[in-house]
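Undergrad: Can you keep this structure in mind? I'll have questions shortly.
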Amino acid sequence: MYRINKAISRLGICTRKQADKLILDKQVYLNGHLIEDFSTEVSIGDTIIVSKKHYKFIPPKTELFGFYKPKGCITSRFDPNGRPTIYDALKGKYKNLITIGRLDFNTEGLILFTNDGEFARFMEIPSSKIERIYHVRAFGFLSQKKMIDISDKAFHGITIDNINYDKVILKYDGNPSFINDDKKKNHKLTIKIFEGKNREVRKILSHFGLEVNRLIRHRFSEYSLNDIHPTQMTKLTIKPSLMQKFNLYNTKH
C-alpha cells in the first residue's frame, strides 16, 4: 500500500508536495472518488485520476538515464521568462522523464533522469548523502595557506546565511605550491559534495571570496560524464548497491 501522494510521485506525475497541492485543489480521484484525506492509501491496480488524466497504479520498473546539460538552459519543463529549458533538447518518450535534482542556468554537465518520482526524491534529498563531483574554475585571490584553510573549514562543515552545509571536499587541480595570491586569477578546483543544496558549490566558494565562472558536474552517485554520450540521452544500469539503498529508503518513507 502507498499513500496517495507517494503513489502519484512513484508514477512520475509530479512530486509529493505537488501532489498534496493537487489534492487541496480537488484534482485527485481514486477509483472514482474525490480524495480529500492525505492519508488515503492506494493499492496496485487502483485507478488514479490527476487533473482529469487517468492512471492505473502499477509501480514502474525504475529506469535511469544520463544526459549532458549544456550551459544556457534551465532544469525545468517551463520557464515563465521564456528561457530555454533542458526539455527543449529532448525528444519523444524522454520528455516524460523526471530530472533528478537541478543544475542552474550557467552550470553544465551530468544530469540524471528517471521515470520514477520516488527514486528521484531518494537521489536528490540531502539526507541520502549521494556524492556529486564538480570541476570548477573560480576567479579570485588564492594562496597555498588560504587553500588549506578553505579545505579544512569546508571539510568540517560550515554555515552560510543560516544554512548549514555538511562535509565538502576540495582539491586544487595542479601544484598548490605555485598558487600566488598577489593578484586575482582563475583557479581550477575539484569539489565533492554530499547534499546537493541549492547553488551549494557557488555559495561556498563565494563565501571564501572566489567567483565561479565555469561549473561542470562530472559525477553523480556512481555515474560520470564518461558513462554518457555527449549529445544524447544514455540509458544507465542501476547498480545493485544503489537499488538496495533505494528499497531501504522506500520501506522507511
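The values are calculated or read from the model by the stated rules, or taken from the named source; none is laboratory data. Not measured: the values here are computed from a predicted model. Here Cβ is always computed from backbone atoms with ideal geometry, including for glycine, and neighbour counts include all displayed protein chains.
Undergrad: What residue, of ILE111, ILE133, is in contact with a Leu (Cβ under 7 Å, 6 or more places away or on another chain), among the aliphatic types (A, V, I, L, M) and within 19 Å of LYS197 (Cβ to Cβ)? Walk me through how you get there before you give the answer.
TA: Values: ILE133 fails: in contact with a Leu (Cβ under 7 Å, 6 or more places away or on another chain).
Checking each option against the conditions leaves just ILE111.
Undergrad: Considering only residues that are touching a Leu at 6+ places or on another chain (Cβ under 7 Å) and modelled with pLDDT of 90 or more, look in the stretch 147-185 and name the one that is surrounded by the fewest Cβ atoms within 10 Å (Cβ to Cβ).
TA: Narrowing the stretch 147-185 to residues touching a Leu at 6+ places or on another chain (Cβ under 7 Å): 150-151, 154, 170-173, 179, 181.
In the following step, the residues that additionally are modelled with pLDDT of 90 or more were identified as 150-151, 154, 170-173.
Numbers: ILE150: 22, SER151: 17, ALA154: 21, LEU170: 22, LYS171: 14, TYR172: 19, ASP173: 12.
The residue in question is ASP173.
Undergrad: I'd like the full set of residues that are among the polar types (S, T, N, Q) and under 13 Å from the mean Cα position of the chain (by Cα), limited to the stretch 87-123. Give the derivation first.
TA: Kept after step one, since they are among the polar types (S, T, N, Q), are these residues of the stretch 87-123: 96, 99, 106-107, 114-115.
Answer for the stretch 87-123, where residues must be among the polar types (S, T, N, Q) and under 13 Å from the mean Cα position of the chain (by Cα): THR99, THR107, THR114.
Undergrad: Quick check on the stretch 211-253: of everything there that is of a type in the set (D, E, K, R) and assigned to a strand (DSSP E or B), which residue is farthest from TYR2 (Cα to Cα)? Talk me through it step by step, then tell me what you get.
TA: We begin by selecting, within the stretch 211-253, every residue of a type in the set (D, E, K, R); these are 211, 214, 217, 219, 222, 227, 235, 239, 245, 252.
Of the ones still in play, those that are also assigned to a strand (DSSP E or B) are 211, 214, 217, 219, 235.
Details: GLU211: 45, ARG214: 42, ARG217: 34, ARG219: 32, LYS235: 28 Å.
Residue satisfying both the conditions and the ranking: GLU211.
Undergrad: Of (1) assigned by TED's automatic domain parsing to the domain that holds PHE122; (2) on the phi > 0 side of the Ramachandran plot; (3) not charged (D, E, K, R), SER241 satisfies all except one. Which?
TA: Looking at each condition in turn, SER241 falls short on (2).
Okay, residues lined up against (1) loosely packed, with under 14 Cβ neighbours inside 10 Å; (2) of a type outside the set (A, V, I, L, M); (3) at pLDDT 90 or above:
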| residue | (1), (2), (3) |
| --- | --- |
| GLU195 | no, yes, yes |
| HIS207 | no, yes, yes |
| LEU210 | no, no, yes |
| HIS229 | yes, yes, no |
| LYS239 | yes, yes, yes |
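Undergrad: If the Cβ limit is 7 Å and pairs must be 6+ apart or interchain, which residue in the stretch 141-158 that is assigned by TED's automatic domain parsing to the domain that holds ILE169 pairs with which residue that is surrounded by fewer than 16 Cβ atoms within 10 Å (Cβ to Cβ) and assigned to a strand (DSSP E or B)?
TA: From the stretch 141-158, the pairs are PHE155/ILE169; GLY157/ASN164.
Undergrad: Which pairs turn up if I take residues in the stretch 39-50 that are free of Cβ contacts under 8 Å to residues at least 40 places away in the same chain and look for partners that are among the hydroxyl-bearing types (Ser, Thr, Tyr) with beta carbon separation below 6 Å, at least 6 apart in sequence or on another chain?
TA: Listed pairs, sorted by first residue: ILE49/TYR29.
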